[in-house]
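The following block contains the structure, expressed as structure tokens.
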Amino acid sequence: MQLDSLYQEVILDHYKNPMNKKLSPTYSKEVHHVNPSCGDEITLNVTVEGDLITNISWDGVGCSISQASTSIMSDLLIGKKIDEDFAILENFTELMQSKGTKSGDEEILEDAVALAGVSQFPARIKCALLGWMAFKDATSQALSETEAKG
Ligand code: ZN
């Protein structure tokens, strides 16, 4: 797998020095997601306050793409409104499904554009999306529980 060397560096940096990789003892919802095709595993929790994501913390094992992508995602999505985070998530998902035709909008995705090259490697897309899907799942569950409580 060949990625642009600058991008390679961003990914390796997040892999070696992951952001928010220490599970918070308090959270709104925690989920565990696995990507059996590669052996990646992520436990992730979110804290939702009103319409804001105030914290995302996680722990996991797996390939550099899965771990770096989760680190990048957590750094990017903490402190923003849920609607905004879901829009960013949608944007990143589209990038991953672009089969190498898109380079990603750095204004929206920041460091996550470093993963653009992954979209050319179908087997690795699930690695890159693992943490993002875990975030979507945990947040959706947290929201539906809040609604259920009224
Ligand atoms: Zn992987």
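The values are calculated or read from the model by the stated rules, or taken from the named source; none is laboratory data. Since this is a predicted model, take the numbers as computed values, not measurements. A quick note on method: Cβ atoms are made from the backbone with ideal geometry, for glycine too, and the neighbour counts reach across all protein chains shown. The accessibility values were calculated without ligands, DNA or RNA, using every heavy atom of the protein model including side chains. Shrake-Rupley method; radii C 1.70, N 1.55, O 1.52, S 1.80 Å.
Could you tell me which residue of region 6-48 is farthest from residue 127 (Cα to Cα), considering only residues that are open to solvent by 90 Å² or more (accessible area, probe 1.4 Å), more than 16 Å from the ligand (Cβ to nearest atom) and among the hydroxyl-bearing types (Ser, Thr, Tyr)?
26
A further question on this structure: Counting only residues that are out of contact with any strand residue (DSSP E or B) (no Cβ under 8 Å at 6 or more places or on another chain) and among the basic types (Lys, Arg), how many does region 54-102 have?
Going through region 54-102 one residue at a time, the tally reaches 2.
I would also like to ask the following. Taking region 93-111 on its own, how many of its residues are more than 16 Å from the ligand (Cβ to nearest atom) and open to solvent by less than 20 Å² (accessible area, probe 1.4 Å)?
Count: 3.
Answer yes if at least one residue in region 53-62 is within 14 Å of the ligand (Cβ to nearest atom) and free of Cβ contacts under 8 Å to residues at least 40 places away in the same chain, and no otherwise.
Yes.
Quick one: residue 71 ticks every box in (1) of a type in the set (S, T, N, Q); (2) part of a loop (DSSP other than H, G, I, E, B); (3) in contact with a His (Cβ under 6 Å, 6 or more places away or on another chain) except a single one, so which number is it?
Failed condition: (2).
Scan region 122-138 and give yes if some residue there is surrounded by 18 or more Cβ atoms within 10 Å (Cβ to Cβ), modelled with pLDDT of 95 or more, among the β-branched types (Val, Ile, Thr) and within 16 Å of the ligand (Cβ to nearest atom), otherwise no.
Yes, region 122-138 contains a residue that is surrounded by 18 or more Cβ atoms within 10 Å (Cβ to Cβ), modelled with pLDDT of 95 or more, among the β-branched types (Val, Ile, Thr) and within 16 Å of the ligand (Cβ to nearest atom).
If you check 72, 88, 78, which single one turns out to be over 23 Å from residue 4 (Cα atoms), surrounded by 18 or more Cβ atoms within 10 Å (Cβ to Cβ) and β-branched (Val, Ile, Thr)?
78
Right, something else. Among the residues that make up region 81-103, is at least one of them over 20 Å from residue 125 (Cα atoms) and in a loop (DSSP other than H, G, I, E, B)?
No, because not a single residue in region 81-103 is over 20 Å from residue 125 (Cα atoms) and in a loop (DSSP other than H, G, I, E, B).
Can you confirm whether residue 43 is under 30 Å from residue 149 (Cβ atoms), assigned to a helix (DSSP H, G or I), out of contact with any Ser or Thr (no Cβ under 8 Å at 6 or more places or on another chain) and among the polar types (S, T, N, Q)?
When the stated conditions are applied, residue 43 does not pass them.
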